[in-house]
């Protein structure tokens, strides 16, 4: 092993050792990894690389309830009609709706109730076929309630406490290993998307699916993670560009400092930050069909769709661009110095 390579390997080992001693092992979160990456590069280049000041904490500003919640009118039944309905399930449902609990039902409970009401209207219409006047009234109610169902579904998606939390409130970011409930959160969102047009789909699991969303808060976690990565890398790329362009590569050969920089790039960006990006990409593309369907859904509020487009589409594109520009910066240096893109501690084929 030549002296230059031996020095490069030694520096890689020292970086790992100092990281462990400082208590900053690579499982302490993405923000810490990005900070370590920036500080190591600053130390090796003897350059001040400042952290960006963007307010990521307030990134997810969800639309106000007044912008997204639709008022759905109830139908009125007079006492004579109510007594006529006592022989079918509809009478029980109407009575439930008029209790204090029924009048303050959450969007999910209201959606479940209204679907049961549709079934009961159809069933009662058949049972009371010997009362033409009431059958006509039931048919009118059935048509009106069927027309209201899309608005009730939109309220379920936009106004439920669980979905609001999933779309806007997450104190944690994605990591490369353990993302609790992420898989079931994807399934939950697919379930919510599917119930709009599938009247045959059972709603017995609806409340549990919402709990999965509230537990994981996967969309908010994805959107915060991509914003943090884009914000940090854009700042770092801008500051690194003149620094890396000045690195010496005499006769097209990497200097000792360039090899150390390459090792830092691999230890932090390739081994720690990029795997988080891989997880982010995975969940983004699994959810993309849901986002696209909702962005084209006429029953969802424009403010909700603008929020969704900003984070799920534009935010992801900005994150991808930040990754590409950062990698391109390093590829330019490696090409200029004839360094192969190999992991630290392995020999290059120069």
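Structure above, values below:
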read-out: Contour excess over end-to-end distance, with Cα ends at residue 207 and residue 292 and 0.36 nm allotted per residue; value: 28.2 nm
read-out: More than 22 angstrom apart: percent of Cα pairs within the stretch 222-350; value: 48
read-out: Ranking of 163, 50 by count of other Cβ atoms within 10 Å, fewest first; value: 50, 163
read-out: Diffusion coefficient, µm² s⁻¹, Stokes-Einstein with Kirkwood Rh over alpha-carbon pairs of the stretch 70-163 at 4 °C and 1.567 mPa s; value: 94
read-out: Whole-number D in µm²/s for the stretch 153-214 (Stokes-Einstein; Kirkwood sum over Cα pairs; 10 °C, 1.306 mPa s); value: 128
read-out: Cut-off 16 Å, label 7 Å out along Cα→Cβ of residue 310, residues of the stretch 222-256 by amide N; value: 223-228
read-out: Ranked list, fewest to most other Cβ atoms within 10 Å of each Cβ, for 141, 223; value: 141, 223
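Throughout, read-outs are computed from the coordinates displayed, never taken from laboratory work. This structure is a prediction, so every number in the text was calculated from the model and none was measured. With ideal geometry, Cβ positions are generated from the backbone for all residues, glycine too; neighbour counts draw on all protein chains shown.
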